[in-house]
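**Q** Supplied in structure tokens, the structure appears directly below.
The values are calculated or read from the model by the stated rules, or taken from the named source; none is laboratory data. The structure presented is a predicted model; accordingly, all values stated were derived computationally and were not measured. Glycine gets a Cβ as well: all are built from the backbone with ideal geometry, and neighbour counts include every protein chain shown.
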Amino acid sequence: MRATQAADHGTLGETIAARLIELAAVSDEPGHLTRLYLGPGHRKAADLVAHWMREAGMAVRIDAVGNVVGRYRARDGGPLTLMLGSHIDTVRNAGRFDGALGVVTAIEVVGAAFRSGKRFPFAVEVIAFGDEEGVRFASTLGGARILAGNFNHHALDEIGEDGLTRRAALKAFGCDPSRLSEEALSPDRALGYIEVHIEQGPLLENEGLPVGIVTAIDGVTRGTVEVDGVAGHAGTVPMPMRKDALAAAAEMLLAVEERARERSNLVATVGKMDVPGSAANTIPGSARFTLDIRSPFDAERTDAVADIKEKIAAIAQRRGVTARLNVGHQAAAAVCDQKLSEQMAQVVESYGIAPRRLPSGAGHDAMAFDKVIPFAMLFVRCRGGVSHNPDEFASPADIDIAARVLLTFLDRIGSR
Ligand SMILES: [Zn+2]
């Protein structure tokens with residue numbers, strides 16, 4: 001009896017936090033949360049989410065790519081739709097907030113409207129995407145890209161880590177891959193896409209803010225650098241005569257870091273360095289390292305890549321080694337819609353919270369909609385900036401603010 005009362009009188013944030021615990025128990029493997037796209041945990045999670053959507057007054061279907069789509073019809077049966085969503089797949093040994101927070105918050109916000117008999121002048125579709133993390137298959141954002149109409153259909157033949165193709169995995173999940181193209185949205189009927197997500201970084205916590213408005217999802221350049229010098233005996237080659245590839249690579253790494261520190265939005269990481277054939281008593285003859293450079297501004301990123309390339313060449317020349325930068329994957333920044341973001345910022349401010357704007361260094365489903373429909377994102381503070389980790393945490397109080405901001409946002413854009 002008491003529990004029922006608590007549920008009835010609890011905040012939206014408390015209800016969402018409780019449901020996130022329930023959802024996190026749905027896993028491919030016992031003891032921790034691992035929910036890969038189209039796996040057994042995904043199947044059960046989709047059913048649970050569909051159940052919550054029905055309770056919240058939505059008509060529910062699972063589409064041809066495995067997205068759970070709940071539709072809350074418009075007041076006057078109007079043709080326009082606002083989409084809300086995030087993902088329910090996870091990394092291995094995940095936290096319970098990444099992705100799920102945006103899905104459950106959207107459901108509860110629609111549920112709150114439903115319980116008070118409120119309809120909007122547009123339909124609201126809540127979408128639980130299933131393929132954001134890119135763990136099972138190499139390519140990512142399959143669920144969102146099918147809707148956005150920019151899915152690469154060659155990816156259907158991609159073989160996942162369990163040996164099944166994406167096509168076979170879809171069939172096993174009960175989806176019909178031949179109908180994928182039918183799921184593409186009509187941009188002229190979509191008002192936009194809104195995603196609530198944990199920040200996965202420390203900025204909001206550092207500034208004492210519960211939520212923030214995303215400006216853009218960073219563009220990224222990845223690459224590798226191959227440095228070749230001359231291997232030699234650690235005891236016999238005098239210091240001035242060495243062509244030490246690892247020492248050169250170390251200086252290059254520091255130059256990368258120094259360049260990134262010049263701009264507040266730019267981040268650059270050397271995440272991996274290899275010294276082939278290394279030994280304690282040998283001067284390293286070669287070194288290999290990775291580069292990952294991100295910024296919400298494409299020009300800032302491409303300028304940095306050009307500068308880093310020059311610095312690497314200068315260091316190599318001075319040290320008598322050769323260095324080659326191979327650029328691999330590149331993606332442009334996905335810029336959030338100014339109008340939707342400004343409306344979101346105004347709502348945040350109306351709750352007495354400074355409308356902090358910040359870029360996202362991590363990718364999200366929202367980026368699939370870049371240049372297709374307008375999109376905006378609301379970040380929620382997470383403890384220590386920790387994510388992709390069972391220790392991931394956002395407080396019920398912060399989640400409650402995010403939910404109320406989203407509900408007020410729906411009201412406001414509906415009254416225009
Ligand atoms: Zn996520």
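Yes/no matrix, rows are residues, columns are (1) assigned to a loop (DSSP other than H, G, I, E, B); (2) of a type in the set (D, E, K, R); (3) within 27 Å of GLY66 (Cα to Cα):
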site	(1), (2), (3)
ASP162	yes, yes, yes
LEU180	no, no, yes
LEU185	yes, no, yes
VAL196	no, no, yes
GLY223	no, no, no
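**Q** Please work out if VAL270 is more than 26 Å from the chain's Cα centre (by Cα) and away from the ligand (no atom under 16 Å from the Cβ).
**A** Numbers: more than 26 Å from the chain's Cα centre (by Cα): no; away from the ligand (no atom under 16 Å from the Cβ): yes.
In short, no.
**Q** Next question, about the same structure. Would you confirm whether or not region 160-173 contains a residue that is more than 29 Å from ASN93 (Cβ to Cβ) and either within 16 Å of the ligand (Cβ to nearest atom) or not aromatic (Phe, Trp, Tyr) (or both)? I'd like the intermediate steps shown before the answer.
**A** Taking region 160-173 and keeping what is more than 29 Å from ASN93 (Cβ to Cβ), we get none.
The answer is no; no qualifying residue exists.
**Q** Residues to consider are GLY384, GLY352; find the one that is surrounded by fewer than 20 Cβ atoms within 10 Å (Cβ to Cβ), closer than 29 Å to VAL256 by Cα and not β-branched (Val, Ile, Thr).
**A** Details: GLY352 fails: closer than 29 Å to VAL256 by Cα.
Result of the check over GLY384, GLY352: GLY384.
**Q** With region 319-387 as the region, which strands (runs of 3 or more DSSP E) entirely inside it contain at least 3 residues that are closer than 14 Å to GLY192 by Cα and away from the ligand (no atom under 16 Å from the Cβ)?
**A** Values: elements: 322-331, 357-360, 375-380.
Qualifying strands (runs of 3 or more DSSP E): none found.
**Q** Somewhere in region 402-412, is a residue within 15 Å of the ligand (Cβ to nearest atom) and under 23 Å from LYS118 (Cα atoms)?
**A** First pass over region 402-412, keeping only residues within 15 Å of the ligand (Cβ to nearest atom): 402.
Then drop every residue that is not under 23 Å from LYS118 (Cα atoms), which leaves 402.
Yes, the conditions are met somewhere in region 402-412.
**Q** Criterion first (among the polar types (S, T, N, Q), touching a Lys or Arg at 6+ places or on another chain (Cβ under 7 Å), closer than 23 Å to ALA362 by Cα and within 14 Å of the ligand (Cβ to nearest atom)) does THR90 satisfy it? Explain how you work it out, then say what you get.
**A** Details: among the polar types (S, T, N, Q): yes; touching a Lys or Arg at 6+ places or on another chain (Cβ under 7 Å): yes; closer than 23 Å to ALA362 by Cα: yes; within 14 Å of the ligand (Cβ to nearest atom): yes.
Judged against the criteria, THR90 is a match.
**Q** Another question about this same structure. Hey, could you check region 1-46 for residues that are hydroxyl-bearing (Ser, Thr, Tyr) and either modelled with pLDDT of 95 or more or in a loop (DSSP other than H, G, I, E, B) (or both) and say which is nearest to ASP400 (Cα to Cα)? Steps first, please.
**A** To start, the set of residues in region 1-46 that are hydroxyl-bearing (Ser, Thr, Tyr) comprises 4, 11, 15, 27, 34, 37.
Going one step further and asking which of them are either modelled with pLDDT of 95 or more or in a loop (DSSP other than H, G, I, E, B) (or both), we end up with 11, 15, 27, 34, 37.
Numbers: THR11: 7, THR15: 9, SER27: 26, THR34: 26, TYR37: 28 Å.
This residue is THR11.
**Q** Would you check which residues across region 113-142 are in contact with a Ser or Thr (Cβ under 7 Å, 6 or more places away or on another chain) and away from the ligand (no atom under 16 Å from the Cβ) and list them?
**A** Within region 113-142, PHE122, ALA123, GLU125 qualify.
**Q** Another one. Hey, does region 404-412 have a residue that's assigned to a helix (DSSP H, G or I) and of a type in the set (Ser, Thr, Tyr)? First the steps, then the outcome.
**A** Going residue by residue through region 404-412, those that are assigned to a helix (DSSP H, G or I) are 404-412.
So of that shortlist, the ones also of a type in the set (Ser, Thr, Tyr) come out as 408.
Yes: one or more hits.
**Q** In addition: Just to be sure, is GLY192 touching a Pro at 6+ places or on another chain (Cβ under 9 Å), more than 16 Å from the ligand (Cβ to nearest atom) and on the phi > 0 side of the Ramachandran plot?
**A** Yes.
**Q** Restricting to region 47-73, count the residues that are among the small types (Gly, Ala, Ser) and part of a loop (DSSP other than H, G, I, E, B).
**A** In the first step, residues of region 47-73 are kept if they are among the small types (Gly, Ala, Ser); the result is 50, 56-57, 59, 64, 66, 70.
Narrowing the set further to residues that are part of a loop (DSSP other than H, G, I, E, B) leaves 56-57, 64, 66.
So the count comes out to 4.
**Q** Could you say which residue among GLY95, GLY99, GLY70, GLY85 is in contact with a Lys or Arg (Cβ under 8 Å, 6 or more places away or on another chain) and either under 26 Å from GLY134 (Cα atoms) or within 15 Å of the ligand (Cβ to nearest atom) (or both)? Even if it seems obvious, please write down each step before you answer.
**A** Numbers: GLY95 fails: in contact with a Lys or Arg (Cβ under 8 Å, 6 or more places away or on another chain); GLY99 fails: in contact with a Lys or Arg (Cβ under 8 Å, 6 or more places away or on another chain); GLY85 fails: in contact with a Lys or Arg (Cβ under 8 Å, 6 or more places away or on another chain).
Matching residue, one of GLY95, GLY99, GLY70, GLY85: GLY70.
**Q** Is it the case, given these coordinates, that ARG96 is part of a helix (DSSP H, G or I), touching a helix residue (DSSP H, G or I) at 6+ places or on another chain (Cβ under 8 Å), closer than 17 Å to GLU195 by Cα and of a type in the set (Lys, Arg)? Lay out the reasoning, then the answer.
**A** On the way: part of a helix (DSSP H, G or I): no; touching a helix residue (DSSP H, G or I) at 6+ places or on another chain (Cβ under 8 Å): yes; closer than 17 Å to GLU195 by Cα: yes; of a type in the set (Lys, Arg): yes.
Here the answer is no, as ARG96 does not meet what is asked.
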